[in-house]
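Written out below as structure tokens is the structure these notes cover.
The values are calculated or read from the model by the stated rules, or taken from the named source; none is laboratory data. Not measured: the values here are computed from a predicted model. Note that each Cβ is placed from the backbone with ideal geometry, even for glycine, and that neighbours are counted across all protein chains shown. Ligands, DNA and RNA are excluded from the accessible area calculation, which covers all protein heavy atoms including side chains. Shrake-Rupley method; radii C 1.70, N 1.55, O 1.52, S 1.80 Å.
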Amino acid sequence: QARGRDALGIGTQGMTVGGTLRLALVLMRAAAPVVAAVVVIGAALGSAVELAFGELMSPAVSRLFDRVYDLTVGSWLTIAVVAAYSTAADGRALTPGQALREGLDAFGRVFRARFLSGLLIGLFLLLLIVPGILKALSYSFVVVLAWKNEPDPLAASTALTAGRRGALLGVLTV
């Protein structure tokens, strides 16, 4: 398999529904073993915690624990999956352990970027629904850019989506 930028021909897919679906299939084929392993690890961690502490928690504490677990472990695993797909798009492969390490290494950057983008999206939603949707589309690539160590993932995501929000809305709606 070729190495380097756009080794899978992602740039040739175009930002259309068909191009996006073709891209998704290419990336799924390339990263499926690593993503499956990360998902199994995440499910095993969640199940182990639930078995160990589930009966000890009241329903309210259990719901709070679920939220904290999603914010921490869920975010870590999401970053690991992003790393698997992103490196597959570059024509490289990660092992599940490397993907999980990438998730840990980037956790702070990605958590901060997701928190700030969520806060700004919420503020724009308070103004009106449409500006909130536009801001959400502008921040569509925040997680990937934060993982790739972009100094300002919010600004970079906005720049990447400028002039493409309509197409992006169509793709994300499907």
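Within the set L77, L23, L51, the sole residue that is at pLDDT below 85, in a helix (DSSP H, G or I) and surrounded by 15 or more Cβ atoms within 10 Å (Cβ to Cβ) turns out to be L23. Output yes when any residue across the range 166-174 is of a type outside the set (K, R), closer than 27 Å to T20 by Cα, surrounded by 15 or more Cβ atoms within 10 Å (Cβ to Cβ) and at pLDDT 75 or above, and no when none is. So far as the range 166-174 goes, no, none of its residues is of a type outside the set (K, R), closer than 27 Å to T20 by Cα, surrounded by 15 or more Cβ atoms within 10 Å (Cβ to Cβ) and at pLDDT 75 or above.
The condition of being modelled with pLDDT of 80 or more, more than 17 Å from G91 (Cβ to Cβ) and surrounded by 12 or more Cβ atoms within 10 Å (Cβ to Cβ) does not hold for A32.
Considering P96, P131, the condition of being touching a residue at least 60 places away in the same chain (Cβ under 8 Å) and either of a type outside the set (D, E) or in contact with a helix residue (DSSP H, G or I) (Cβ under 7 Å, 6 or more places away or on another chain) (or both) is satisfied by P96 alone. Look at the range 119-158 and say how many of its residues are in a helix (DSSP H, G or I), out of contact with any Asp or Glu (no Cβ under 6 Å at 6 or more places or on another chain) and either among the aliphatic types (A, V, I, L, M) or open to solvent by 70 Å² or more (accessible area, probe 1.4 Å) (or both). The total comes to 20.
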